[in-house]
Amino acid sequence: MFYYISFLRPPPVQAAPYGTISIKPQISNDLRTEPFDGEQELFYSWTQEGTRQPRTTKPIKLTTWRLSSAYKDIPLPVPAGVREGDRWRLTLTGQPQAHGHLTPECIDLSSSQVGRVPFPVMSMPVIFHGRGHKGSPKQEMVERTYLVPYVYRDLSSVTEDDPIPAGEKQMAALHIRENTSFDLDKKIWDSGLGLCSWLIELKENPALRADNVELQRLRDSLFSDEPRKILELGAGVGILLAVIATLRSDLTNVKTGTDNLFATDVESAMPLLEENISINDIYYKSNPPKALVLDWDDEELPEAVKTLQNLDAIVMADVTYNTASFPSLCRTLSTLVRMGPKAPTVILSYKVRDDAERDFWKMAVDVGIDFVKIGQRVGAGGAPIEIWSGHVRQV
């Protein structure tokens, strides 16, 4: 499992350019239901927005977080030299050396140590105004930045018939926003991050898939140089398809607009899902994911999915938390895997929360899909994130 730094009391939308603001930090699991029960130093820094070169202050220790004092407000000095009308974002980290990274709140999903320290968080901009924050609402959204291996290529002068130019290996900084409310489709979940981390290793590390036909098949379904049709069920805030699209952007034979990548979820998830896809499109402009409503309770698939005629891969992260949805989910899966003459690969990530969730595996067998565990991510300990591959049978 992973732990996340967040806010029980977020910064205000607006504050006076002097004195302090009050915040209440929190360290907990993905759903904010299990507080971190150890001790963790917390550091804060400010990053100014709206300037040619964003300025970030040096991290300063804020407090040592303990469960016994978790509900106390902490006064925080405003940025030194702040001026009327300035916009600054507050970052909380568990390590002072985060200062100096590509951005100060980065989470490196390619690191073997990912999740060993609680994930940092960045607020939305605080607007400093002389009238202060009296009556100003609290912020309702936070942002985290995830580093993903990425090859930058200048495609500005490339025509349809030109070969794709060689690129430079870099790290993409994906900005993913979450709501501070308890809406489940507007938060990052452990299984999504665990699957992202595992897929990066699948693509980047030949030793992982050496002499393993199953893993080679999975890699080809997601990261072949050929155009791919990939659909995610229960996309939430959209990080999984954003990572896959970013990883696919360095493939040399994939032409603009030839991939079909669909991040699907219910209607209420669309605004934030579309926003997160849009704010990161610099990394996958040629083949961006598309947000699409796909409700498992609907017997008909969306027209945009039916016109694909077949899929190469279906990916899912933490879709088994609601046991009441299992019949609808299994029916949807059964329809999707039988759209074309060749069954797609099916990849599921899962973290144990309730033994009753294991019933999904039995119900999947009834619709002709057998899941086999192929990997895991440990994170900070506790229940690991399990990675499963689904094999489709004729029924």
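The values are calculated or read from the model by the stated rules, or taken from the named source; none is laboratory data. None of these values were measured; they are calculated from a predicted model. All Cβ positions, glycine included, derive from the backbone under ideal geometry; neighbour counts span all protein chains shown. Note: areas computed on protein heavy atoms with side chains; ligands, DNA, RNA excluded. Shrake-Rupley method; radii C 1.70, N 1.55, O 1.52, S 1.80 Å.
What whole-number distance in Å separates the alpha-carbon centres of segment 269-283 and segment 15-64?
Result: 24 Å between the Cα centres.
Is it possible to state the helix-based mean residue ellipticity at 222 nm for the chain, with each DSSP H run of 4+ residues giving -39500 (n - 2.57), the sum divided by total residues, to the nearest 500 deg cm²/dmol? What is it?
-5500 deg cm²/dmol
Using amide H atoms built 1.01 Å from N in the peptide plane, name the residues 5+ places from A291, or on other chains, whose amide H lies under 5 Å from its own.
It is A263, by chain and number.
Antiparallel as a % of all DSSP beta bridges within the chain, to the nearest 5?
70 percent
Taking only protein heavy atoms and a 1.4 Å probe, what accessible area per residue, in Å², does the chain have with all protein chains in place?
Normalised by residue count, the accessible surface of the chain is 44 Å².
Compute the orientation-averaged projected area for segment 5-45 from the convex hull of its Cα atoms and round it to one decimal in nm².
Directional mean of the projected Cα hull area for segment 5-45 stands at 3.8 nm².
Between segment 336-392 and segment 174-249, what is the separation of their alpha carbon centroids in Å?
14 Å
Can you run phi through the Karplus equation (6.51, -1.76, 1.60; θ = phi - 60°) for segment 75-81 and list ³J(HN,Hα) in whole Hz, with x for Gly and Pro?
Result, ordered by residue: x, 10, x, 5, x, 4, x Hz.
Which one of V392, M122, L208 is farthest out on the positive end of the charge dipole of the chain, using unit charges on Cβ (Lys, Arg +1; Asp, Glu -1) and the Cα centre as origin?
The residue sitting most towards the positive pole is M122.
Compute the Cα gyration tensor for segment 180-271, then decide on rounded, prolate or oblate, letting a ≥ b ≥ c be the square roots of its eigenvalues: rounded whenever a/c is under 1.5, prolate when a/b is larger than b/c in the other cases, and oblate in all that remain.
Oblate.
Given the pairs K187/K373; K24/K373; K58/K186; K203/K342; K72/K351; K306/K351, which are separated by over 29 angstrom at their Cα positions?
Cα-Cα > 29 Å for K24/K373; K58/K186; K72/K351; K306/K351; rest within.
Counting other Cβ atoms within 10 Å of each Cβ, which GluC sites (Glu not before Pro) in segment 286-395 have at most 13 and sit in a DSSP loop?
E299, E300
Below 19 Å, Cα to Cα, which aspartates and glutamates can K362 reach? Residues fewer than 8 away in the same chain don't count.
Hits, sequence-local ones excluded: D318, D354, D370, E386.
List the trypsin sites (Lys or Arg not before Pro) in segment 1-110 that DSSP assigns to loop (not H, G, I, E or B) and whose Cβ has at most 16 other Cβ atoms within 10 Å. Which are they?
R32, R52, R55, R66, K72, R83
For segment 1-152, just say rounded, prolate or oblate: build the C-alpha gyration tensor, square-root its eigenvalues into a ≥ b ≥ c, call rounded for a/c under 1.5, and beyond that prolate if a/b exceeds b/c, oblate if not.
Oblate is the answer for segment 1-152, as a/c is 1.5 or above yet b/c matches or exceeds a/b.
Could you pull out the chymotrypsin sites (Phe, Trp or Tyr not before Pro) across segment 180-217 that fall in loop regions by DSSP (anything but H, G, I, E, B) with no more than 15 other Cβ atoms inside 10 Å?
Qualifying residues, ordered by number: F182.
Does segment 257-395 come out rounded, prolate or oblate, given a ≥ b ≥ c as the square roots of the eigenvalues of its C-alpha gyration tensor, rounded meaning a/c under 1.5 and, failing that, prolate meaning a/b above b/c?
oblate
Taking the Cα centre of the chain as origin, sum charge times position over the Cβ atoms of Lys and Arg (+1) and Asp and Glu (-1), and report the length of that vector in debye to the nearest 20.
Using Cβ point charges on Lys, Arg, Asp and Glu, the chain gives about 1280 debye.
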